[in-house]
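Below: one structure, written as structure tokens.
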Amino acid sequence: MKLADHQAQTRAEFHERLRRIGAERYHDRHPFHKRLHGGQCSPDEVRAWVINRWQYQSRIPMKDAAFLSRVEDPQLRRIWRSRIEDHDGGTDQGGGIRRWLALARAVGLDPDYVASGVGVMPATRFAVDAYVRFVRDMPLLDAVAASLTEMFAPKIHAERIEGLLKHYDFADDASLAYFRNRLSEAPKDVEFGLNHVLDHADTLEKQDAAAAALVFKTDVLWAQLDALWHGYVEGNIPPGAWRPGEGLLDAAIPEPAPEAAGAS
Ligand SMILES: O=C(O)c1cc(C(=O)O)c2c(n1)C(=O)C(=O)c1cc(C(=O)O)[nH]c1-2
């Protein structure tokens, strides 16, 4: 290979490379999201999504804590720690985690059941754990690059708010507060993360590794939706995973049919 082949891409070229990864691979293109945002999901498919996505939500602040535990620069720690605050919030007001459980309640699920994580599918667990491990074990620059799927998240959050409000009775300002908050929280994270990666990936090798980290992360997100589709749209629920009827709020449990209840 010629020496010139090893030259780093320019900032603009590298930025465009990252943007293209999202355009080609981000999970807004997944059929499950099209079904969810288009109003075709059954109530139980929405519940399965809320239960499984809980695994992701609950692990995001843990992966950010794993990241922080490796950072020696106080300024980087100072900036990064706001991500944990966004999700955990304070004791009284809570944060994204509490807002996700409000969504769980709105779709008729018992928040304690969702928070227990017992109904999560194995594939979801494996995908999310892989992300936490990646951030814990890989170079910090790659860990920041993996978070850059968030560049593409505001668009999907806006589509989701619009689609859910249009098609589902449970959707209102309170139940969708998680997504509305992300619309203002994510851009600050993305601005910092993107500049950090563009500034620090100053060799082709580092750029290749950062791009691979972003591809890996799109796979983490895509694999979760593949599992949902297989389990709940095609009806192949894996052993141990949530089954419709489990974990419901009392108010959401359907009245038994008169024959089943023995009434005449
Ligand atoms: O709804 C979504 O499609 C979506 C995607 C992503 C993402 O791209 O990883 C995140 C979020 N939401 C999100 O709400 C969130 O807090 C978040 C944090 C991160 C991360 O990698 O640090 N990704 C995401």
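Data overview
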quantity: Theoretical FRET efficiency, 1/(1+(r/R0)^6), r = Cβ-Cβ of ALA212 and ALA158, R0 30 Å, to 0.05; calculated: 0.60
quantity: Relative contact order (%) - criterion: Cα under 8 Å, at least six apart; region: region 10-241; calculated: 33 percent
quantity: Contour excess over end-to-end distance, with Cα ends at GLU13 and LEU68 and 0.36 nm allotted per residue; calculated: 16.9 nm
quantity: Calculated FRET efficiency for the pair ARG136/SER82, C-beta based, R₀ 25 Å, to 0.05; calculated: 0.80
quantity: Linear extension gain, SER116 paired with ASP44, 0.36 nm per residue minus alpha-carbon span; calculated: 24.1 nm
quantity: Calculated SAXS-style log₁₀ I(q)/I(0) at q = 0.14 Å⁻¹ - region 10-241, Debye, Cα scatterers; calculated: -0.91
quantity: Between 0 and 90°, nearest 10: helix 96-106 axis offset from the chain longest Cα axis; calculated: 30 degrees
quantity: Inter-label distance for GLN75 and ASN236, nm, one decimal - labels placed 7 Å from Cα along Cα-to-Cβ; calculated: 5.1 nm
quantity: Charged-residue dipole, Cβ positions (Lys, Arg, Asp, Glu), the chain about Cα centre, Debye nearest 20; calculated: 460 debye
quantity: Acute angle (nearest 10 degrees) that the helix 204-228 long axis makes with the longest principal axis of the chain, alpha-carbon atoms; calculated: 10 degrees
quantity: Members of LYS166/LYS188; LYS155/LYS217; LYS34/LYS155; LYS63/LYS206 lying beyond 19 Å, as alpha-carbon distances in this model show; calculated: LYS166/LYS188; LYS63/LYS206
quantity: Chain lengthening between LYS34 and ASP202 when straightened (0.36 nm per residue, less Cα-Cα); calculated: 56.7 nm
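Values in this text are rule-based calculations from the coordinates and carry no lab data. These figures come from a predicted structure and were not determined experimentally. Cβ: placed from backbone, ideal geometry, glycine included. Neighbour counts: every protein chain shown.
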